[in-house]
1. With in contact with a strand residue (DSSP E or B) (Cβ under 9 Å, 6 or more places away or on another chain), of a type outside the set (Asp, Glu) and either part of a helix (DSSP H, G or I) or farther than 20 Å from Lys170 by Cα (or both) as the only criterion, which of Trp100, Trp82 stands out?
2. Within the stretch 104-116, which residues are buried (at least 22 other Cβ atoms within 10 Å of the Cβ) and not in a loop (DSSP other than H, G, I, E, B)?
3. Taking the stretch 36-51 only, how many residues are in contact with a strand residue (DSSP E or B) (Cβ under 7 Å, 6 or more places away or on another chain) and over 22 Å from Lys185 (Cβ atoms)?
4. Can you tell me which residue is nearest to Leu142 (Cα to Cα) among those in the stretch 44-92 that are of a type in the set (Gly, Ala, Ser) and within 15 Å of the chain's Cα centre (by Cα)?
5. Test of understanding: among Glu161, Glu157, Glu167, Glu119, which residue is under 21 Å from Ile183 (Cβ atoms) and either buried (at least 21 other Cβ atoms within 10 Å of the Cβ) or out of contact with any strand residue (DSSP E or B) (no Cβ under 7 Å at 6 or more places or on another chain) (or both)?
6. Please report, ordered by residue number, the helices (runs of 4 or more DSSP H) entirely within the stretch 149-219 with at least 2 residues that are over 16 Å from the mean Cα position of the chain (by Cα) and either more than 19 Å from Asn120 (Cβ to Cβ) or without any contact (Cβ under 8 Å) to a residue 12 or more places away in the chain (or both).
7. Give the number of residues within the stretch 72-126 that are on the phi > 0 side of the Ramachandran plot and small (Gly, Ala, Ser).
8. I need the full set of residues from the stretch 1-21 which are among the hydrophobic types (A, V, I, L, M, F, W, C), in a loop (DSSP other than H, G, I, E, B) and modelled with pLDDT of 95 or more, in order please.
Amino acid sequence: MKKVLILGAYGKIARIVEKRLLDNSDYQLTLVLRHASRLDSLKNHNNVTVIEGDVSDKEFLTKAIANQDVVYANLNGQMERWAQNIVFSMQQNSVAQLIWITGSGLYHEVPDSFGSWVENYVGHASKEDTRRAARIIESSQLSYTIIRAAYMTDDTEIDYELTKKGETFKGTMISRSSIADFIIKIINDPNKYQRESFGISKPGTDNMLHHIREIEHDL
């Protein structure tokens with residue numbers, strides 16, 4: 001049985017991962033979120049433990065990570081701070097495998113005009129925060145996998161391609177279901193993806209910024 005700790009367990013991608021792993025005896029899930037009542041519906045599943053807590057609390061985090069096999073971080077906000085706390089707590093517990101979700105543009109690897117749009121959409125200060133967080137993770141001894149996602153949609157299709165760090169980012173869009181599928185692959189075969197940073201997008205979406213702008217306009 002693989003013990004998987006999910007931080008930010010109420011996030012959209014996290015909930016897709018959780019749904020796919022529920023009641024599978026190969027996994028024991030520990031779900032951490034700030035308001036545990038949001039996942040009350042999962043508490044009756046045999047392989048789920050729901051814990052209320054915050055990654056800003058290093059003491060709580062260190063206890064939560066103890067005896068886990070995988071830490072999957074599905075977070076937003078103060079990413080540099082979260083990375084510092086998670087890396088510290090994992091090292092304290094000798095837990096090695098970290099899956100970290102972030103956005104494209106981490107290494108200025110996204111061609112324009114989508115690359116400039118992402119930087120402006122997220123905000124330069126926020127992007128710099130995510131870059132500092134990534135450097136903390138990449139300079140650690142953890143068996144990390146960083147996932148750099150294109151613009152995320154709620155489409156249920158699973159269709160994606162990957163680019164590695166140092167390669168030009170492909171595409172502009174990706175379904176959360178596709179990201180969840182890749183996360184599960186990493187959980188199941190960590191050695192194949194360890195100490196790597198992957199861009200993820202749907203094939204054939206290189207020139208879809210106009211469509212993304214339409215989606216944003218309709219929100």
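1. Details: Trp100 fails: either part of a helix (DSSP H, G or I) or farther than 20 Å from Lys170 by Cα (or both).
Within the list Trp100, Trp82, the selection yields Trp82.
2. Phe114
3. Within the stretch 36-51, the first condition is being in contact with a strand residue (DSSP E or B) (Cβ under 7 Å, 6 or more places away or on another chain), and the residues that meet it are 36, 39, 42-43, 47-51.
Still in the list and also over 22 Å from Lys185 (Cβ atoms): 36, 39, 42-43, 49-51.
Summing the residues that are in contact with a strand residue (DSSP E or B) (Cβ under 7 Å, 6 or more places away or on another chain) and over 22 Å from Lys185 (Cβ atoms) in the stretch 36-51 gives 7.
4. Of all residues in the stretch 44-92, those of a type in the set (Gly, Ala, Ser) come to 53, 56, 64, 66, 73, 77, 83, 89.
The next check asks that each one be within 15 Å of the chain's Cα centre (by Cα); those that pass are 73, 77, 83.
Numbers: Ala73: 14, Gly77: 22, Ala83: 12 Å.
Ranking the qualifying residues of the stretch 44-92, first place goes to Ala83.
5. Details: Glu161 fails: either buried (at least 21 other Cβ atoms within 10 Å of the Cβ) or out of contact with any strand residue (DSSP E or B) (no Cβ under 7 Å at 6 or more places or on another chain) (or both); Glu157 fails: either buried (at least 21 other Cβ atoms within 10 Å of the Cβ) or out of contact with any strand residue (DSSP E or B) (no Cβ under 7 Å at 6 or more places or on another chain) (or both); Glu119 fails: under 21 Å from Ile183 (Cβ atoms).
Of Glu161, Glu157, Glu167, Glu119, the one residue that is under 21 Å from Ile183 (Cβ atoms) and either buried (at least 21 other Cβ atoms within 10 Å of the Cβ) or out of contact with any strand residue (DSSP E or B) (no Cβ under 7 Å at 6 or more places or on another chain) (or both) is Glu167.
6. Working: elements: 176-188, 190-193, 209-218.
Correct list: 190-193, 209-218.
7. Going residue by residue through the stretch 72-126, those that are on the phi > 0 side of the Ramachandran plot are 77, 94, 105, 108, 123.
Applying the additional criterion that residues be small (Gly, Ala, Ser) yields 77, 94, 105, 123.
Going through the stretch 72-126 one residue at a time, the tally reaches 4.
8. Listed by number, the list holds a single entry, Ala9.
The values are calculated or read from the model by the stated rules, or taken from the named source; none is laboratory data. On a predicted model such as this, the values are computed, not experimentally measured, just so you know. Note that we place each Cβ from the backbone using ideal geometry, even for glycine, and neighbour counts take in every protein chain shown.
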